[in-house]
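The values are calculated or read from the model by the stated rules, or taken from the named source; none is laboratory data. Since we're looking at a predicted model, the values are computed, not measured. Cβ placement follows ideal geometry from the backbone for every residue including glycine, while neighbour counts extend to all protein chains displayed. The area values use the complete protein model at the heavy-atom level, side chains included, leaving out ligands, DNA and RNA. Shrake-Rupley method; radii C 1.70, N 1.55, O 1.52, S 1.80 Å.
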Amino acid sequence: MSRPQPAPLQVLVVDDEAPAREELAFLLRSDPRVGQVRSAADGVSALRELDLQPVDAVFCDIRMPGLDGMQLAKVLARFADRPHVVFVTAYDSHAVDAFDLQAVDYLMKPVHQARVAEAVRRIAEAGGESATGDDESIPIELAGVTRFVRRSEVRYVEAQGDYARLHTRSGSHLIRVPLAVLEERWADAFVRIHRSTLVALRHIDELRIADGHCSLRVGEHVLPVSRRHTRQVRDLLVRAGSRPRPEA
């Protein structure tokens, strides 16, 4: 039996500049995963549209008169059935704010079909899950380009002053977010093992205890656990039902 096809995505485009609004709407309508595309010229009009009919995703500009894109996203965050948010902007200085608001994607103007398709893919994969779901996307700025890394890809995080370095299987990425902020926000899936290190529970392969010292193996990396955090780490791994294999 063939699997049922997901319902086409319902999308709202919000931009105070008509040419940009119409171009983005055209690109979205060209995607077979997208159904109805409505538009609004500002944040207040967007809220009126959403009051008439909810949508799966809102693609919104950031700099708009009146209620701007960031303010609109904060209002949407209070919705019981929150739509996914994709920011579309000519400025790359808001990526960290987009992370704080848990945006699905962050598109730079002028937008291109490939990037719009990638944003639609992210929304489609999220499905009915809330935009505040476990596998949020983190914006990474590199050489003037903003790309996104999923939280589930992050194996461990190291503090670097007011920044944090995310380590994934493919490499590492520096973000302008303090480790303490990530520790609080990701408390359901990460554990602090050192004053400068957080580790994703799902990526822990081994718990090692030898000569009174504790460490964790995460892939090919062995990370020391401070004495202060050893008991908490051991207890948390047991409660989480992880699969560490203690060494004698």
- Across the stretch 231-248, the tally of residues that are open to solvent by less than 90 Å² (accessible area, probe 1.4 Å) and either aliphatic (A, V, I, L, M) or modelled with pLDDT under 75 (or both) stands at 8
- Query: What number of residues in the stretch 219-230 are over 26 Å from the mean Cα position of the chain (by Cα), surrounded by fewer than 18 Cβ atoms within 10 Å (Cβ to Cβ) and part of a strand (DSSP E or B)?
  - Reply: 2
- Message: Quick check on the stretch 132-143. Is at least one of its residues over 16 Å from GLN102 (Cα atoms), at pLDDT 90 or above and open to solvent by 60 Å² or more (accessible area, probe 1.4 Å)?
- Response: no
- Item | Subset of the stretch 195-215 (residues that are under 25 Å from GLN160 (Cβ atoms) and among the hydrophobic types (A, V, I, L, M, F, W, C)) | LEU198, VAL199, ALA200, LEU201, ILE204, CYS214
- Reported set for the stretch 46-86 where residues are more than 19 Å from LEU101 (Cα to Cα) and touching a Ser or Thr at 6+ places or on another chain (Cβ under 9 Å) is GLU49
- Task: Tell me which residues, restricted to the stretch 162-189, are under 24 Å from ARG227 (Cβ atoms) and out of contact with any Lys or Arg (no Cβ under 9 Å at 6 or more places or on another chain).
- Result: ARG165, PRO178, ALA180, LEU182, GLU184, ALA187
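Can you tell me which residue within the stretch 178-213, out of those that are β-branched (Val, Ile, Thr) and either assigned to a helix (DSSP H, G or I) or open to solvent by 20 Å² or more (accessible area, probe 1.4 Å) (or both), is modelled with the lowest pLDDT? Walk me through how you get there before you give the answer.
Residues of the stretch 178-213 that are β-branched (Val, Ile, Thr), as a first pass: 181, 191, 193, 197, 199, 204, 209.
With the extra rule that they be either assigned to a helix (DSSP H, G or I) or open to solvent by 20 Å² or more (accessible area, probe 1.4 Å) (or both), the set shrinks to 181, 209.
Details: VAL181: 87, ILE209: 84.
By that ranking, first place goes to ILE209.
Output the number of residues of the stretch 148-163 satisfying the condition of being over 10 Å from VAL177 (Cα atoms), open to solvent by 40 Å² or more (accessible area, probe 1.4 Å) and part of a strand (DSSP E or B).
Applying the first criterion (over 10 Å from VAL177 (Cα atoms)) to the stretch 148-163 yields 148-158.
Right, trim to open to solvent by 40 Å² or more (accessible area, probe 1.4 Å) and you get 150, 153, 158.
If we keep only those that are part of a strand (DSSP E or B) too, we end up with 150, 158.
Residues meeting the conditions: 2.
Based on this model, can you work out whether LEU216 counts as open to solvent by less than 20 Å² (accessible area, probe 1.4 Å), more than 30 Å from TYR106 (Cα to Cα) and either in a helix (DSSP H, G or I) or modelled with pLDDT of 90 or more (or both)? Spell out how you get there, then give the answer.
Working: open to solvent by less than 20 Å² (accessible area, probe 1.4 Å): yes; more than 30 Å from TYR106 (Cα to Cα): yes; either in a helix (DSSP H, G or I) or modelled with pLDDT of 90 or more (or both): yes.
Taking the combined requirement at face value, the residue satisfies it.
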